[in-house]
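Worksheet: the structure to be examined is printed underneath.
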Amino acid sequence: MPVLRVENLTKKFGGLTAVSDVSFIVDDGEVLGLIGPNGAGKTTCFNMIAGSLPPTKGKVHFKDETITGLAPHKICHKGIARTFQIVKPLKKLSVFNNVLIAVLSKIKSLNEAEGKAREVIAFSGMENLADKKAGELSTGNLKRLELTRALATNPSLLLLDEPMGGLNGQEVEQAIQLIKDIKETGMTVVIIEHIMRALMQVSDRIVVLAQGEKIAEGVPGDIARNDAVIKAYLGEEYHA
């Protein structure tokens, strides 16, 4: 059963069409990769799904409900959480309190929320950093905190916008494992990522955008061999 259905999603900024008639579905428990060159419209799609931007045309359906045009906080309460390419934690607060604030968006009992925050921090492997101020974290741990805060809202659909950007090799491997762990919980994930070896490992299917349009969709192996994708994004060296 589809958790997310995007139908003919279009976004125009004046005379520029950033996204044009993009449609795809995401099944329950699936990890869907969303790839394409810079400026392809990937983050704009996320912004429309999560309510940050109203679409010019098209609809977004989450489970059995149309959520097109709802405010971001309402969409979050329905069970969609997202991360951002540029992380913006509450730098003067600890990792624990950053996560606790996210939990409190759904749970109003402080005792219960504190327990949930500790649980999510443990799941994401940040226990040893719980008392550290967010502003003192490395890039890799800031990315992990961003994902942890999203998980803290208890979503059924998680939108990850370049969660591995700026990470070193070891941090990328840790991020891959965390996404696999998230998938094991049954959560549905859509992930934008430019590190192809990582994306190919975690994705069940991949949708490819170029110049705002969907040019391909399929399992990772088929996408890696798709001539249009190689030409528009991957390059001949990847194919080789």
#### Entry: Residue in region 135-158 that is farthest from residue 28 (Cα to Cα), counting only those that are touching a residue at least 24 places away in the same chain (Cβ under 8 Å) and either among the hydroxyl-bearing types (Ser, Thr, Tyr) or touching a Cys at 6+ places or on another chain (Cβ under 9 Å) (or both)
139
### Summary
Across (1) at pLDDT 95 or above; (2) part of a helix (DSSP H, G or I); (3) more than 20 Å from the chain's Cα centre (by Cα), residue 145 clears everything bar (3)
#### Entry: Out of 45, 76, sole residue that is out of contact with any Lys or Arg (no Cβ under 7 Å at 6 or more places or on another chain) and either of a type in the set (Lys, Arg) or under 25 Å from residue 224 (Cβ atoms) (or both)
45
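Which one is nearest to residue 193 (Cα to Cα) among residues in region 148-172 that are in a helix (DSSP H, G or I) and among the aliphatic types (A, V, I, L, M)?
This residue is 172.
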### Which numbered condition residue 111 fails, given (1) in a loop (DSSP other than H, G, I, E, B); (2) among the polar types (S, T, N, Q); (3) free of Cβ contacts under 8 Å to residues at least 24 places away in the same chain
(1)
### Query
Could we say that residue 65 is over 18 Å from the mean Cα position of the chain (by Cα), closer than 26 Å to residue 183 by Cα, of a type outside the set (Ser, Thr, Tyr) and at pLDDT 95 or above here?
yes
### Message
Taking the conditions exactly as written (farther than 16 Å from residue 150 by Cβ and outside any loop (DSSP other than H, G, I, E, B)), does residue 17 satisfy them or not?
### Response
yes
### Task
Output the residue which, of all residues in region 77-100 that are touching a residue at least 24 places away in the same chain (Cβ under 8 Å) and β-branched (Val, Ile, Thr), is farthest from residue 188 (Cα to Cα).
95
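Only one of these is on the phi > 0 side of the Ramachandran plot, buried (at least 18 other Cβ atoms within 10 Å of the Cβ) and either in a strand (DSSP E or B) or in contact (Cβ under 8 Å) with a residue 60 or more places away in the chain (or both): 58, 33, 29. Name it.
Values: 33 fails: on the phi > 0 side of the Ramachandran plot; 29 fails: buried (at least 18 other Cβ atoms within 10 Å of the Cβ).
On inspection, the qualifying residue turns out to be 58.
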### Task
Of the numbered conditions (1) in contact with an Asp or Glu (Cβ under 8 Å, 6 or more places away or on another chain); (2) at pLDDT 95 or above; (3) closer than 24 Å to residue 32 by Cβ, residue 100 fails exactly one; give the number of that condition.
(3)
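Checking the conditions here, which among 208, 190 is more than 12 Å from the chain's Cα centre (by Cα) and closer than 18 Å to residue 45 by Cα?
None of the other options fit; the residue is 208.
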### Query
Can you tell me which residues in region 36-48 are buried (at least 24 other Cβ atoms within 10 Å of the Cβ) and part of a helix (DSSP H, G or I)?
42, 45, 48
### Query
Do you know which residues across region 69-117 are buried (at least 19 other Cβ atoms within 10 Å of the Cβ), of a type in the set (A, V, I, L, M, F, W, C) and closer than 15 Å to residue 46 by Cα?
70, 75, 76, 80, 81
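The values are calculated or read from the model by the stated rules, or taken from the named source; none is laboratory data. Here the structure is a predicted model, which is why all the values come from computation and not from measurement. Note that we place each Cβ from the backbone using ideal geometry, even for glycine, and neighbour counts take in every protein chain shown.
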